[in-house]
Amino acid sequence: MRRHVGQRRRKQRRLEQQLRRILSRARRHAYFSDFRVSFEADVVSWLPQLRRYARALTGDHAWADDLVQDTAERALARWKAFRPNSNLRAWLLTILRHLYIDQLRVRREIAVDEENAPWRNLEAPRGEVDGLVLRDVQRALYCLPLEQREVVLLVCVEELSYQEASIALGVPVGTIMSRLSRAREQMRVLLTEGPIHKSVSLKVVRNSS
Amino acid sequence: MNNDARPTDDAARTPDLRMLSAFVDDELSERDSAVVREHLEHDEAAAAQVAAWRAQRAALRALCGATTRDDTQFVVLRPQVPWWRRTALAACWLLAGAGLVVCIEQFVLPNLSGGETMSFARRADVAYAVYTPEKRHPVEVAAAEEEHLISWLSKRLNRQLSVPSLQEYGYTLVGGRLLPGEAGPAAQFMYENQNGARLTLYVAGIPKDETAFRLFRDGNRRTFYWVSDGMGYALSGPIAEGKLRSIAVEVCSALGGRPEAWQ
């Protein structure tokens, strides 16, 4: 009789253990799927900014859209690689940057001075900001090397802090500072005394869209 | 940023480009900003620079600061194939390829070339080419000791051999020798006619039983070969195919084969 009771108790204990294991697994699963859903929403919420940055970086709307699509896809596929509570935007920008550099290598960087450089197809901006003609600013921007252009865009347009920019680009803050100051100075030189005003052959193809 | 190991206590120092740039972005500590602001008051060039940079930033924002909200926001997700499934698929293809190679080697190639019996004929042909030009030692045991020759080779090949007579074609036995075969000993009997032309009969055990009667050509030499009752026979000589064939048929029937099957 007593032995029977002992067996039943043991069986019960085993069942309880199994149940607990199943429950904890379900809870973990739920946590991960919750995390995944909110992660996806967060990624999607950054897409407009990513697109803006990609357009400015590449100077090519179609390319930028592809780039953003690829970035979002890669980010969603590698959601496990993202450490929660770290900077999602910087992480996305890093992915975008890697993709852009990969694609640049494939497309053999089109020199900015080339007649058919993609940025020339951008809608020619009209207007003046504090004495600077936007068209010239645009041209100066695409005269900068990629390293400087991305820092300028991230800090001035995307309003990233130096810290965030350093995470996104994977370089120390000091490097961000020097690249930024060099880029600014070069742009200023290009805008004030550069050959821009002299070059009459500035060809701007206006997009009708 | 003040974590850049920048000495900030040196108030007299003129701020460099990096500091001015950080000043524009509000990234300096309050103390550093104060230093820069004070410096700008009596350095017109630096002040102009900072102003230009501010204008630049405003221009850049005007230029690329607009987000286009009206864009359809969607992301196309290609289905993710897990790595193990891709690996498994690759392994499957590899296995299938290897299987195909094995199949071809096992079944197709031998059928194309005649396989074992083909290499048997080649050996017979080579043996012919090596020993028939011999003037002084064409054979190990001469025909004078025919009985000894037959018993010796029969013992080595573990099989009762007999030497067919080719007298009616004008060929007499010269003798025979022991040779290494594909998988054991092989015997070669040599015949000669009065003009000195030689024929050889090459005999070796072949595990595969095949009744086919085949011809192997190399240069002007012809080798007819066949397998009968676990033994392979090859008759080689530099004579016309028709004649060699009729001799081969004769030899085959003399040795207990069924040459009728070939005709």
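The values are calculated or read from the model by the stated rules, or taken from the named source; none is laboratory data. Not measured: the values here are computed from a predicted model. Cβ placement follows ideal geometry from the backbone for every residue including glycine, while neighbour counts extend to all protein chains displayed.
Computed quantities for the displayed model
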read-out	value
First in region B:99-111 and in the same structural domain as B:ARG214 (by TED's automatic domain parsing) and farther than 24 Å from B:ARG214 by Cβ, second anywhere and in a helix (DSSP H, G or I) and at pLDDT 80 or above, Cβ under 6 Å, 6 or more apart	none
Top-ranked residue in region A:41-56 [being within 9 Å of chain B (Cβ to nearest Cβ) and in contact (Cβ under 8 Å) with a residue 12 or more places away in the chain; ranked as nearest to A:LEU141 (Cα to Cα)]	A:ALA56
Residue check, B:ALA47 touching a strand residue (DSSP E or B) at 6+ places or on another chain (Cβ under 8 Å) and among the small types (Gly, Ala, Ser)	no
Test: residue in region B:60-71 that is more than 14 Å from chain A (Cβ to nearest Cβ), surrounded by fewer than 15 Cβ atoms within 10 Å (Cβ to Cβ) and at pLDDT below 90	no
Residue list for region B:124-153, restricted to those being of a type in the set (Ser, Thr, Tyr) and either surrounded by fewer than 13 Cβ atoms within 10 Å (Cβ to Cβ) or farther than 18 Å from B:ALA234 by Cβ (or both)	B:SER151
Leading residue by the ranking (surrounded by the most Cβ atoms within 10 Å (Cβ to Cβ)) among those in region B:236-263 that are closer than 22 Å to B:ASN158 by Cβ and in contact (Cβ under 8 Å) with a residue 60 or more places away in the chain	B:VAL251
Failed criterion for B:THR8 (all others in (1) within 30 Å of A:ASP136 (Cα to Cα); (2) modelled with pLDDT under 90 hold)	(1)
Single match in B:ASP43, B:ASP32 (criterion: away from chain A (no Cβ under 13 Å) and closer than 17 Å to B:THR14 by Cβ)	B:ASP43
Output for region A:73-96, where each listed residue is in a helix (DSSP H, G or I), in contact (Cβ under 8 Å) with a residue 24 or more places away in the chain and more than 22 Å from A:VAL155 (Cα to Cα)	A:ARG74, A:ALA75, A:LEU76, A:TRP79
Qualifying strands (runs of 3 or more DSSP E) (wholly inside region B:169-211; at least 2 residues being without any contact (Cβ under 8 Å) to a residue 60 or more places away in the chain and among the basic types (Lys, Arg))	none
